[in-house]
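What follows is a set of notes on a single structure, which appears directly below.
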Amino acid sequence: MRNANISMARMVMVNYTDEVNADIVLTIREISGVEIIVMVEDLRHSRFLSYAGASRVLSPKTMLGTFVAQISTPSCGECVFPGAVQLFGTLSLAEVPVFPGSPLAGRAISDPLLVQTGASVVGIWKRGEFTPRPSWDDILSSGTVILAVGDSEQLMRLRLLGAGDDKSRRFLVIGYGDVGQRLVRVLCEHGIIPVVVDRRDLTTDRFEHVMGDGYSEDVLIRAGIKDASCIMIMLNNDHDAIYATLVARNLNPDAFIIARANHLLSTEKLYRAGANYVASVPLVASKMLFTMVIPASEDLTILYEGLELRRYEVRRRSAMAHRTLKDLALIERFGCTAVAIDRTGDAILALSGETEILPGDVLALLGPPGSMDRFSRVFGDGG
C-alpha cells in the first residue's frame, strides 16, 4: 500500500472476495485514515467489513435489484431513469423499453405519438444488437429498447408510453437471492405483486411463491409463465440464467425478458437465448463507482453497455468546424453517431445531415470504443 502511494490517495476501492476485502481494509487502517469503499458480495458480511474499518460498504447486487425494478416499470421510480447519463444541462441519455401492450409497438419512429413526447431517438436495441440513428421509417416492436435523449419530462412521457398499463402486467421473478429479494421488495412497495419462483420454501404472504427450479418447464408453467408479460431472471449462476432464459422464451415468445448476468461474457449468450434486456452486475458496480469517483462536471468518457459517450469541444480551427454532419459521415466512416449538440448553453436535439457544426459547439458522440478512437485520431479532441 505504501508503494502504491496510499498517503496521496483520496479514496481506496476494494473489490475482492469479502474475506480478502476484510484483510485489505484492516491493512489499510493500520497506516491510513483514507476513505475506503468496499464492494460486498454477501449482504450478511456488510457489518463485518464496517467493523474492519470500511467507510462505505456497497452491494452491487442490491443496486441491481433496484435497477431492474425501476427499468421494468415507471411506478418504481417516477422521473428516475436507471442507467441514464447526463449530457448537457437538463438533458440525459436513457434507455426506454417497449413492453408488450405498449402503444408504441407497431409504430414508426416518425409517428406523432412518439414525436410529441419531445424526446429524440438516437438508437434502438433489439436483443442486444444496437442500431444507431435508426431511420424514421423503422418500426418499433415489443421487446425493443429505445435509446433516447431528452429532459426528465420528455423521457418520462416516452417511458410511460413504452410501459403501457404496467399495473395490468403480470410480473414473474425467477430467483430470490440478494438481487431477487431487492427487486421484489421494490416492486411490492409500489403496489406490484409478482409471482416468485425459487427452490427454497419461502414463507411469506407478500407475494405468490412457487417452489422449484427456475429452469424447470413444469415449475414455470405452474407459476403462470405463459400469461406473464415481464419475466425477470435473477438467478445467481449465469449458466442457470442462460438455460432459464431459453426455457422462458420457448414457453412465452411474447414476454419481455430481463436477465441478470454476473459476468460480462455471459451477456451475449443471454441475448441469444432470448433476453430482451440484460442487467450486468459488473456494469452496475462500475457505474456506481464512477459516479462516486468522477465529479459530474468533468468531461470524461462514460461506458454505456458496450458503447462509449464522449463529448468533443469544437475549437475555432477544428477540422469539424463549419462542416455538416453529412460531411463528417460519422456512421459510415467511424461507426459512431451524434446524439446532441450544446451550443452556448442551448441543447440541439433535432439533428440531421444538414446540421452544421460551429466553433464553440460541444458535440456528444455515441459509439463503440474502437469507433471513438478512430474519430479521435482524425479530429483529436475537437481542436
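Residue by residue through the range 53-101, note down the ones that are in a loop (DSSP other than H, G, I, E, B) and aromatic (F, W, Y). Those that are in a loop (DSSP other than H, G, I, E, B) and aromatic (F, W, Y): F81, F88, F99. In the range 115-164, the residue that is farthest from I348 (Cα to Cα) out of those that are among the basic types (K, R) and touching a strand residue (DSSP E or B) at 6+ places or on another chain (Cβ under 6 Å) is R159. Residues being buried (at least 16 other Cβ atoms within 10 Å of the Cβ) and closer than 27 Å to L283 by Cα are represented in the range 311-326 by at least one member. Evaluation of I341 against the conditions (1) outside any helix (DSSP H, G or I); (2) surrounded by fewer than 21 Cβ atoms within 10 Å (Cβ to Cβ) shows that the sole unmet condition is (2).
Looking across V98, V115, one residue alone is closer than 17 Å to N276 by Cα and more than 13 Å from the chain's Cα centre (by Cα). It is V98. In the range 57-115, of all residues being among the acidic types (D, E) and surrounded by fewer than 20 Cβ atoms within 10 Å (Cβ to Cβ), the one that is nearest to H263 (Cα to Cα) corresponds to E78. Taking the range 25-44 as the range and being part of a helix (DSSP H, G or I) and buried (at least 19 other Cβ atoms within 10 Å of the Cβ) as the test, the residues that pass are V25, I28. Among the candidates S50, S7, the residue that is over 26 Å from P194 (Cα atoms), touching a residue at least 12 places away in the same chain (Cβ under 8 Å) and not in a loop (DSSP other than H, G, I, E, B) is uniquely S7. In this structure, is V68 more than 20 Å from the chain's Cα centre (by Cα) and of a type in the set (V, I, T)? So V68 does not fit the description; no. Checked against (1) over 15 Å from the mean Cα position of the chain (by Cα); (2) farther than 28 Å from D137 by Cβ; (3) not basic (K, R), A105 meets all criteria but (2).
Readers should treat all values here as calculations from the given coordinates under stated rules, not as data from a laboratory. Keep in mind that what you see is a predicted model, and the values were worked out from it rather than measured. As a convention, Cβ positions derive from the backbone with ideal geometry for all residues, glycine included, and neighbour counts pool all protein chains shown.
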